[in-house]
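Report on the structure given below.
Please treat every number below as a calculation from the coordinates, not as lab data. Note that the coordinates shown come from a computational prediction; the quantities given were computed from them, not determined experimentally. Here the Cβ is made from the backbone with ideal geometry for all residues, glycine too, and neighbour counts use every protein chain on show.
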Amino acid sequence: MASLVHRYALAVSEEHYFTAKPASADERRRISVELAGRSLSLEVASGIFSPDHVDLGTRVLLRTVPEPRGRVLDIGCGWGPISIAAALMSPDVSVVAIDVNERALDLARRNAAIAGVGDRVSVGLPSVVPATETFDTIWSNPPIRIGKAALHELLGEWLPRLSPGGEAWLVVQRNLGADSLATWLADQGWGAVDKVASAKGFRVLRLRAA
């Protein structure tokens, strides 16, 4: 897993949201957002994904998914909107939020606490998640810009962690390969990958574990 993290962080030479240690100034500010029907004032900073708002893909995903259940995994959590929404939607779930961007992880941890769900949202690097841990629900706006090979490796690492009967919901831009990703997932043995929603240039894909 450490080698995966290293490759994601060095995928390009300039700073990206999947850079492990952003070089830009860590100047924190608050933004007003609505998650799971709650109005919140949360912290953001430069050097992370979508630092000014809840991005459109995440909004499309959160409008589409059903109430989560059990143990939830958020792959590429950023500053925390998906993880926080999952915890707010269901008081019975616990959430594991992972990212390679250490600034994003700190923000996600702080934002979960601000939202009052810090006790049910565990935030950390992928490497801290035990290899044997499984999940009932996976929600992700995956880091598509790390490149196809790295994205396939990332999903190939985490999607098999679904427990029997579990579901994964992914949102991907259509013009950045949503349909080809669905084909690749089906080729990996996931069977029919459901395209459950399409809005604003994004597609939401659902996979079910046998």
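Report, for the stretch 2-208, the % of DSSP beta bridges that are antiparallel, rounded to 5. Let's see the in-between values first.
Values: 19 of 36 bridges.
Counting only bridges with both partners in the stretch 2-208, antiparallel ones make up about 55 percent.
Can you list the aspartates and glutamates whose alpha carbon sits under 16 Å from that of residue 195, skipping same-chain ones fewer than 8 residues off?
List returned: 167, 179, 187.
Relative to a virtual label point 7 Å from the Cα of residue 199 in the Cα→beta-carbon direction, which members of the stretch 47-64 show backbone nitrogen distances below 14 Å?
Answer for this model: 55-64.
At 222 nm, what value in deg cm²/dmol follows for the chain if DSSP H runs of at least 4 each add -39500 (n - 2.57) and the sum is divided by all its residues, to the nearest 500?
Calculated from helices alone, the mean residue ellipticity at 222 nm is -8000 deg cm²/dmol.
Could you size up the charge dipole of the chain around its Cα centre, putting +1 on the beta carbon of Lys and Arg and -1 on that of Asp and Glu, and report it in debye to the nearest 20?
It comes to approximately 360 debye.
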